[in-house]
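Take a look at the structure below.
The values are calculated or read from the model by the stated rules, or taken from the named source; none is laboratory data. On a predicted model such as this, the values are computed, not experimentally measured, just so you know. Virtual Cβ from ideal backbone geometry, glycine too; neighbours counted across all protein chains shown. What goes into the accessible areas is simple: the full protein's heavy atoms, side chains included, and nothing from ligands, DNA or RNA. Shrake-Rupley method; radii C 1.70, N 1.55, O 1.52, S 1.80 Å.
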Amino acid sequence: MPARSAIRCVLAATFAVAAGLRPMPGLSFGSSTLRPLAAAAAPPRRRLRSPPPQLLDPLDWLADQLEVRLRARREGKLRRPKRIILVRHGQSEGNVNRTAYQSTPDSQIALTEVGWAQGVVAGLQIRELVKNESIRCFYSPYLRARQTLLALLQAFDSQTVQLSSEPRLREQDFGNFQDDAQM
């Protein structure tokens, strides 16, 4: 594959990933170049009655994909959430006792009983708000956030809920707050 064509394939694949599109059919990422799958996996050539299918130019394919998505968005076919609800974790041991961070890593700070109750109440309030709409929860991998999610999900026990752990939702990491002299 000529270098210019390979560059166009890489550009199209990069833009497609950035736009959230699926990879272009017929392309695989080789060790250093891109090669059409159809050519790599084709059986030995025999007499063809019709010409072989033309592979799409990657940038033309990308333009077509973006146009389809823009048209779907204008026509309201792409589903966006009706609402986004943000919930902070319930009361944690770190909220009650600031010295808890000296002996426990920030990501392992647990909820208190009050925090669990706050999570259950939040779940009931959200359930009342959304009724039977589809639900998707993104949550931090921190223990207190996961515990709040478990308490919140008790209100949705008869409904399917999509769950996604999202590490970018965690709090800021300031490091280890243990006393240096005691370490």
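Write out, first by first residue and then by second, each pair whose Cβ atoms fall under 9 Å of each other, whose residues are 6+ apart or on separate chains, and whose first residue, in the range 122-139, is touching a residue at least 40 places away in the same chain (Cβ under 8 Å) and open to solvent by 100 Å² or more (accessible area, probe 1.4 Å) while the second is in a strand (DSSP E or B) and not aromatic (Phe, Trp, Tyr).
Arg136/Val161; Arg136/Gln162; Arg136/Leu163; Arg136/Ser164
Answer yes or no as to whether Thr112 is closer than 30 Å to Ala181 by Cβ, at pLDDT 95 or above and surrounded by 12 or more Cβ atoms within 10 Å (Cβ to Cβ).
When the stated conditions are applied, Thr112 passes them.
Out of the residues in the range 94-109 that are under 19 Å from Arg146 (Cβ atoms), more than 28 Å from the chain's Cα centre (by Cα) and of a type in the set (Gly, Ala, Ser), which is most open to solvent (accessible area, probe 1.4 Å)?
Pass one, the range 94-109, residues under 19 Å from Arg146 (Cβ atoms): 94-96, 100-101, 104-109.
From what's left, more than 28 Å from the chain's Cα centre (by Cα): 94-96, 100-101, 104.
From what is left, the residues that are of a type in the set (Gly, Ala, Ser) are 94, 100.
Numbers: Gly94: 0, Ala100: 16 Å².
Among those that are under 19 Å from Arg146 (Cβ atoms), more than 28 Å from the chain's Cα centre (by Cα) and of a type in the set (Gly, Ala, Ser), it is Ala100.
Only residues that are of a type outside the set (Asp, Glu) and closer than 15 Å to Glu171 by Cβ: list them for the range 96-114, please.
Residues of the range 96-114 that are of a type outside the set (Asp, Glu), as a first pass: 96-105, 107-112, 114.
Result: Arg98, Ala100, Tyr101, Thr104, Pro105, Ser107, Gln108, Ile109, Ala110, Leu111.
Across the range 103-116, which residue is nearest to Ala155 (Cα to Cα) among those that are without any contact (Cβ under 8 Å) to a residue 60 or more places away in the chain, of a type outside the set (S, T, N, Q) and touching a helix residue (DSSP H, G or I) at 6+ places or on another chain (Cβ under 8 Å)?
Top of the filtered list is Trp116.
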